[in-house]
Amino acid sequence: MEWVDKILKDIKNLEHLKDLEHLRLSIFGKKGFLTKEFSNLKNISDEARKKVAKDLNDIKQKLESSLLEAREKLEKMELDNKIKSQKIDVSLFSPDLSPNYGHPINITFDRIIDYFVGMDFAIRYGPLVEDDFHNFEALNLPKFHPARDMQDTFYFNDGKLLRTHTSPVQIRTMEEGNLPIRIISPGAVFRRDYDMTHSPMFHQVEGLVVDKDRDVNFAHLKFILEDFLKYMFGDVKIRFRSSFFPFTEPSAEVDISCIFCKGSGCRVCSNTGWLEVLGCGVVADNVFEASGLKNVSGYAFGMGVERFAMLLYGVNDLRSFFETDLRLLEQF
Ligand SMILES: [Zn+2]
């Protein structure tokens, strides 16, 4: 029967598991080829019937076993594909960050988050509308502290405010008191600023690691940030510069060698050969105290997602990310 050869060939050429069931029904279903042949048996003479019935049973077995074989092959293939597509190679640097979808900020966000989730950090979110204590006071920024002015805060009439950084999420997590803490807090933050490198709403990812006693130190911080920056920017040089933040002591700013001029000096790096990308430090004792933690140690770090996206995509005006200009977005 010629349909048998055709079907055997179709089974062999199956590429998706979902097509297999369709094919199976076309053979064995109520109106399937084989079902029809079997019901035709009653129309043939008694002598011939025995032979035809035997042939049909042989065909049935052949089809069943080749379907089974195809099913096993396809199931294995789909599992392999699934494993392949879900694997994150944290050592792989891809300069081609542009699948044909998504906003550059989202793509950059995902890339940052992927790294830290792969390193066993949990993701924590918090409210955008914060109180003074969580946004400033607990972070060692008391009233009239000069650093508050730098942050040009949006206030509501009741004294609440739009958070100026994602650090309040860290305070809230520490207040829960469950050790060890290993989190990142990604999200939108707000400041009264608007120019080529500032926007009133932008995005940060901050990280916090806390454990009992002196178990967490600057060496751990240095290791993870170096590994992270190589994941984001490929083979760059990295340096830690001593700095000052109210909530960490010691504090550092982290630079990478300029990815545009490879360190020889250009417009983007203001001819220094270096680009500042991160702030970090060992969490200050009075921040722990304000959060109700004792006898612990920890480190924290923070980065601006727009800053990373500008560097990764060579965009020099931050505002273009927020203007929803399709001519720009189509490039990603
Ligand atoms: Zn440069």
Please give the per residue accessible area of region 2-85, computed with a probe of 1.4 Å over protein heavy atoms only, in Å². 77
Whole-percent carbon and sulfur contribution to the accessible surface of region 2-85 (1.4 Å, no ligands, DNA or RNA) stands at 55
Net charge within 14 Å of residue 175 by Cβ-Cβ distance, Lys/Arg positive one each and Asp/Glu negative one each, not counting residue 175 itself? -2
For region 229-332 the GluC sites (Glu not before Pro) that pass both the DSSP coil test and the at-most-11 other-Cβ-within-10 Å test are 323, 330
Cα atoms only: what Rg and Dmax, in Å, come out for region 2-85? 15.8, 58
Sequence-separation-based contact order of the chain, relative, with Cα cut under 8 Å and 6+ spacing, percent: 16
Please work out the Cα convex hull volume for region 178-329 and give it in Å³ per residue. 131
Can you tell me the Rg and Dmax of the chain, counting just the alpha carbons, in angstroms? 30.9, 107
Any idea how many Lys pairs in region 174-332 come in under 28 angstrom at the alpha carbon, given 8 or more places apart or on separate chains? 8
Tell me, what is the 1.4 Å probe accessible area of residue 301, in Å² to the nearest 10? 10
Suppose each label sits 7 Å from its Cα in the direction of the beta carbon; what would the residue 289-residue 262 distance come out to in nanometres? 5.1
Reachable lysines from residue 50, criterion Cα separation under 17 angstrom, eight or more residues apart if same chain: 36, 42, 60
Under a crude label model (7 Å from the Cα following the beta-carbon direction), how far is residue 58 from residue 84 in nanometres? 3.9
Helical contribution to [θ] at 222 nm, DSSP H n ≥ 4, -39,500 (n - 2.57), averaged over the chain, rounded to 500: -13000 deg cm²/dmol
At 1.4 Å probe size, what's the solvent-accessible area of residue 191? Round to the nearest 10 Å². 50
Pairs of alpha-carbon atoms within less than 8 angstrom and 6+ residues apart define the contacts here; what relative contact order does region 2-85 have, in percent? 36
Once both labels are modelled 7 Å past Cα along the beta-carbon direction, what's the residue 214-residue 157 spacing in nm? 5.4
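The values are calculated or read from the model by the stated rules, or taken from the named source; none is laboratory data. Just so we're clear, the structure is a prediction, and the values are computed from it rather than from any experiment. Virtual Cβ from ideal backbone geometry, glycine too; neighbours counted across all protein chains shown. Side chains included, ligands, DNA and RNA excluded: accessible areas come from the protein's heavy atoms. Shrake-Rupley method; radii C 1.70, N 1.55, O 1.52, S 1.80 Å.
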